[in-house]
Structure formats: structure tokens, C-alpha cells
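Take a look at the structure set out below.
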Amino acid sequence: MHLSVRIIFKVLANELEKITDKELVLKASQGEHYAFRLLYRRYLPRVRSTLYQLCGNCLLDDLVQEVFLRTWKNLPKLRQPDYFSTWLYRITWNVATDNRRKFAQQEEGNKNLTFVQNEQKSLDVMELHYQDLTWRGLQTLSFDHRAVLILHDLEDLPQKEVAKILGIPIGTVKSRLFHARNTMRTFLTQQGLDL
């Protein structure tokens with residue numbers, strides 16, 4: 001019986017994955033908690049990764065919680081359910097920006113904002129080295145340049161969607177992406193990586 005229960009759960013999980021974001025958004029906006037729970041599970045890794053890259057590990061769980069709390073509260077106001085992911089990334093961007101402002105206010109005068117990076121022991125040394133270089137390189141970018149680079153290159157979002165999320169023209173996205181990549185390339189070259 002234990003095996004058959006697992007099979008049933010796998011079948012249900014596969015069927016649930018076929019439900020579109022739009023269908024889940026419509027159900028969730030009507031108060032269906034299970035639909036929002038599925039959206040949460042679907043987008044949690046992306047939201048968490050984006051916030052980590054933008055804000056670091058400091059208060060990461062609180063920031064993730066804030067994103068999904070704002071999402072739940074404002075879901076009935078979403079006019080275009082087809083654009084849920086863009087809307088969610090916009091909320092993520094807003095939470096990261098709010099956090100940045102609060103942090104800057106608390107640390108007036110401190111121009112070198114640093115965050116503690118939580119390293120997993122199971123990673124090998126070279127992987128840790130490259131992660132550390134990437135992290136330090138991202139910290140050399142302005143917040144605006146970092147956001148464009150993370151959303152486009154690390155989250156694989158198209159430039160048009162990045163522009164919508166950040167509320168900037170696509171030309172600005174292209175410019176920031178160009179400058180962010182050049183800055184990262186320069187940083188990595190200075191660190192001894194042959195690119």
C-alpha cells in the first residue's frame with residue numbers, strides 16, 4: 001500500500017505541474033489556498049535566488065516571506081494573470097529595494113555594504129572559490145546594474161521582461177547589462193581568471 005500511495009502522489013504532482021500560472025492565480029485570487037501554495041512552491045527557488053543575489057544572506061528568509069506576503073495580499077489586484085511571473089519579480093525587486101534603503105539608513109556613511117555569505121560545506125574548494133569570486137564581483141556593481149545582470153544572466157529572463165520588472169526602458173536594460181558584464185569581466189580578470 002505504501003508504494004501505491006507514492007505512485008498516487010507522483011501522478012497528482014505531475015498533474016499539478018500542468019496547471020498554468022494563470023489558472024492558479026485565478027483560483028488563488030478567489031481565496032483558494034492550495035492554488036497559492038502551488039504558486040509559492042513553483043516560484044520559491046527563483047525568488048529566493050534573486051533576493052540572495054541582490055541582498056545577500058542577511059535577512060533572506062524574512063525578505064522571501066515579505067515577497068510572498070505582498071503577493072498574497074495584492075493578488076486580487078493583479079489585472080493580467082498571464083504576467084504573474086513578471087509581477088512577482090517586480091514585487092521581489094521592490095522588497096530588495098526597500099531592504100536596501102532600510103539598510104542604508106541604518107548604516108549611514110558606510111559605503112562598503114557587505115553581507116555574510118553562507119557557504120555549504122558539501123561544495124568542493126574550487127566551486128566555493130568561483131562562487132566567492134562571483135559574489136564579490138556582483139558586490140562591485142551598483143544595485144541597478146546588479147539587478148539587471150542577475151535577472152537576465154542568472155535568472156534567464158528576457159531583456160523585455162527585465163525592463164517590465166524594473167520599470168525601465170529596454171535600452172536602459174541593454175546598457176546596464178553591457179556595463180555590468182564589462183565590470184564583472186574586469187573584476188574576474190583582475191582576480192586572475194583568464195576569460
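The values are calculated or read from the model by the stated rules, or taken from the named source; none is laboratory data. Being a predicted model, the structure only gives us computed values, none of them experimental. Don't worry about glycine lacking a Cβ; one is built from the backbone with ideal geometry, like all the others, and counts go over all protein chains shown. Side chains included, ligands, DNA and RNA excluded: accessible areas come from the protein's heavy atoms. Shrake-Rupley method; radii C 1.70, N 1.55, O 1.52, S 1.80 Å.
Listing for the model above:
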{"quantity": "Per-peptide average of other Cβ atoms within 10 Å, ordering 20-33, 72-85 highest first", "calculated": "20-33, 72-85"}
{"quantity": "Sparse-neighbourhood loop sites, GluC sites (Glu not before Pro) in the range 123-193 - DSSP loop, at most 12 other Cβ within 10 angstrom", "calculated": "none"}
{"quantity": "Peptides ranked, highest mean first, by Cβ atoms within 10 Å: ranges 166-174, 138-146", "calculated": "138-146, 166-174"}
{"quantity": "Accessible surface, 1.4 Å probe, highest first, among residues 51, 44", "calculated": "44, 51"}
{"quantity": "3J(HN,Hα) from dihedral phi, the range 162-167, Karplus parametrisation 6.51/-1.76/1.60, rounded to Hz, x for glycine, proline", "calculated": "4, 4, 5, 4, 8, x"}
